Structure formats: structure tokens, C-alpha cells
1. Hey, fewest Cβ within 10 Å first, where do T51, T180 land in order?
2. Quick one: W108, W39, fewest Cβ neighbours within 10 Å first, how do they rank?
3. Between beta-carbons, use under 13 Å as the cut-off and find the net charge around F149, counting Lys and Arg +1, Asp and Glu -1.
4. Can you work out the Karplus-derived ³J(HN,Hα) for every residue in the stretch 29-44? Use 6.51 cos²θ - 1.76 cosθ + 1.60 with θ = phi - 60°, whole Hz, and x for glycine or proline.
5. Among V24, V100, what is the fewest-to-most ranking by other Cβ atoms within 10 Å?
Amino acid sequence: MNKITLITICCLMSSLSKAQETSVEKSLFGAQIGYLGVWANHEAKLSNRITFKTEIGLDKGYVAETLLFTSKKSSFYPFFILEPRYYYNLGRREAASKKVKGNTGNFWGLQMRYSPNLFVVNDKYIDNDREILTISPKYGLRRTLGNHFNLETTVGFGYGYEFNKYPNYPDGGFFSIEATIRVGIHFGAKK
């Protein structure tokens, strides 16, 4: 009788307990560097697959002033980013015994980037006459190297709007391309 009771209790306990679903990290701080700049970021968990990334950094941008790219200039500028991300393949990665620590996986994001007119360092002069806001849906891959290092690549296309502070120059919208390759370090990973 005791064996039957013990087996029944074990069966009930196992049916009531849930297997933990693969999830993104609760909170992840990091710093990244790439050819086009340096960044500091924080990624906060909203649900098992969705995070909200905030970022600040100094980025290098290229502007083609003509349609045929005959006149172009590059500049460094500060920016702030808000980006919700959806990591869609965490369960598949874990089922294949691949890493998911450090939010390793493929994701879709909606990046909202704001560049205030604090300063812009161009090829020839320092310029602070522009504020730029861009919104870009993007696709990305994030891979963890070791315990604390990561590699992240993203690509996206979107719309940007430039607010000029001089009345003689019109405000203007433009097509924006987002493509990055970053190497970084993350810490504070919590499930």
C-alpha cells in the first residue's frame, strides 16, 4: 500500500511540475566595439523570448549627398537607442544542445535611434547642427564566445528624419541602412 501511495504522489508531483521553458537572460549589461564605433548597452527581459535593449554610444556614419554616391562624407556622432528584440530560435538551439546563455540566438528587432545635436565630428570640421531620428526593423545574430564575450551581427533597413536647426535648410527624410559587426563583453547575466 505504501508503494502505491508513493508512486501516486510521485506521478502527481511530476505532472504538476513544468519543464522550464528556454528563456532570455533577466538582465544583461555589456560593452561592444566594432569598425563603426563603441557602444554600452543593457538588455532587460520582458518575456521568455522578448527583451528591451537600451544603448548609448559613439557611432561612425557615412552620408551620400548625391544619388550616385559621388559626394560622401563620414562622421562620428553620439546616439541613444531603444530596441525591443524577439529571440525566435532559443528552444531550437537548446534542443540541439547549443548555447543560449547571454541571449545567444537569432532575433528580430525594431531599432529606434536618436542622435542629438550635441556634436558631430566630420572629416573636415566639427558640426552640431543636426538631430537625427531613425526607425529600422532589423535581423540579427548573437553568439557567445566563452563565458562573457559575444559576437553580434545585424542588418536592417528603415526610415530616418533629420531635423535641421537652421531655417534656411529644410528638414528631410531619408532611407537608412543598418549593418553592424560587433565584438563585446557582457556581464550580469541572470535567468
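1. T180, T51
2. Listed from fewest to most nearby Cβ atoms, that is W108, W39.
3. +4
4. Running phi through 6.51 cos²θ - 1.76 cosθ + 1.60 with θ = phi - 60° gives 9, x, 9, 9, 9, x, 4, 9, x, 10, 9, 10, 9, 9, 10, 10 Hz.
5. Starting with the residue having the fewest Cβ neighbours, the order is V100, V24.
Read-outs: derived from the displayed coordinates by stated rules, not from any lab. This structure is a prediction, so every number in the text was calculated from the model and none was measured. Here Cβ is always computed from backbone atoms with ideal geometry, including for glycine, and neighbour counts include all displayed protein chains.
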